[in-house]
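The values are calculated or read from the model by the stated rules, or taken from the named source; none is laboratory data. In this text, all values refer to a predicted model and were calculated from it rather than measured experimentally. So basically every Cβ, Gly included, is an ideal-geometry build from the backbone, and we count neighbours across all protein chains shown.
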Amino acid sequence: MKLFSKYDIILWTASVFLIAGSFIIFPGSGMLTLIASILGVSSIIINAKGHPLGQFMMIIFSVLYGIISWSFSYYGEMATYLGMTGPMALFSFISWLRNPYKKGKAEVRVNTLRLPEVILMSMLTAAVTYIFYHILAFFGTANLSLSTLSVSTSFIAVYLTFRRSAFFSLAYAANDVILILLWSLASLTDTGYISVVICFALFLACDIYGFISWKKMKLRQNEENLSHNH
């Protein structure tokens, strides 16, 4: 608990209450979605502190979210989370454990990507997007364009998470916007999915907070390292 500030605790508590409230007001998406939503928002807030536990929780969330996506024929989301986000969260969990900021400290060391790696990431994203578009089209994925765009932003997010870049939260925030649109379309068919829309709206707020938190963390780590070198 020493890891969290009062603001972190307030943010988590408010998020859980809003998620639980939305499931009471808009029932129908099931208990699995409620559990996944609370697990997801908890993971984001822990990730915002640079703690590897957040990545472990993301692995479990990916499995649950993949099952939920399958129920509405969002095969893109299912494939993305089960085939990419989940496994990459495992690799990120290992990477974060191996790269602590200080020995014996749970906080991960923030990394800075150089231009050649950014170019490589862009090329890989383009390739993944092209491949997944045709796969998703073959399986008749609902809302194909948005689903494909979700794959693209998810790949960027998991790559940046694995590489410990502060921008991973910003990529997830972009993905949250797409997911809000996707599940808003789903809620036109089944109002039970409105609770999922609210869930991703909270994810968006928490991911923006995560980006701000990592930028501050990176600045503090740089200042401490500079002070130590002098």
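Annotations
- Pick from the range 141-152, criterion among the aliphatic types (A, V, I, L, M) and in contact with a Ser or Thr (Cβ under 7 Å, 6 or more places away or on another chain), ranking: modelled with the lowest pLDDT: 142
- Between 159, 81, the distinction of being among the aromatic types (Phe, Trp, Tyr), touching a helix residue (DSSP H, G or I) at 6+ places or on another chain (Cβ under 7 Å), part of a helix (DSSP H, G or I) and farther than 18 Å from residue 214 by Cα belongs to 81 only.
- Within the range 84-100, the set of residues being surrounded by fewer than 17 Cβ atoms within 10 Å (Cβ to Cβ) and either assigned to a strand (DSSP E or B) or in contact (Cβ under 8 Å) with a residue 40 or more places away in the chain (or both) comprises 91, 97, 99, 100.
- Residues considered: 171, 106. Of these, the only one that is of a type in the set (A, V, I, L, M) and either assigned to a helix (DSSP H, G or I) or under 21 Å from residue 75 (Cα atoms) (or both) is 171.
- Boolean, residue 114 is under 30 Å from residue 225 (Cα atoms) and crowded, with 17+ Cβ neighbours inside 10 Å: no
- Subset of the range 129-143 (residues that are on the phi < 0 side of the Ramachandran plot and either of a type in the set (D, E, K, R) or in contact (Cβ under 8 Å) with a residue 12 or more places away in the chain (or both)): 129, 132, 133, 135, 136, 139, 141, 142
- Taken over the range 156-167, the criterion of being touching a Leu at 6+ places or on another chain (Cβ under 8 Å) and under 16 Å from residue 221 (Cβ atoms) is satisfied by 163, 165, 167.
- Answer from 167, 138, 155 - the residue that is of a type in the set (Phe, Trp, Tyr) and either in contact with a Lys or Arg (Cβ under 8 Å, 6 or more places away or on another chain) or at pLDDT 95 or above (or both): 167
- Annotation: residue 219 fulfils all but one of (1) over 21 Å from residue 51 (Cβ atoms); (2) loosely packed, with under 14 Cβ neighbours inside 10 Å; (3) among the hydrophobic types (A, V, I, L, M, F, W, C); the unmet one is (1).
- Count of the range 1-54 residues, restricted to those that are closer than 12 Å to residue 206 by Cα and assigned to a loop (DSSP other than H, G, I, E, B), is 1.
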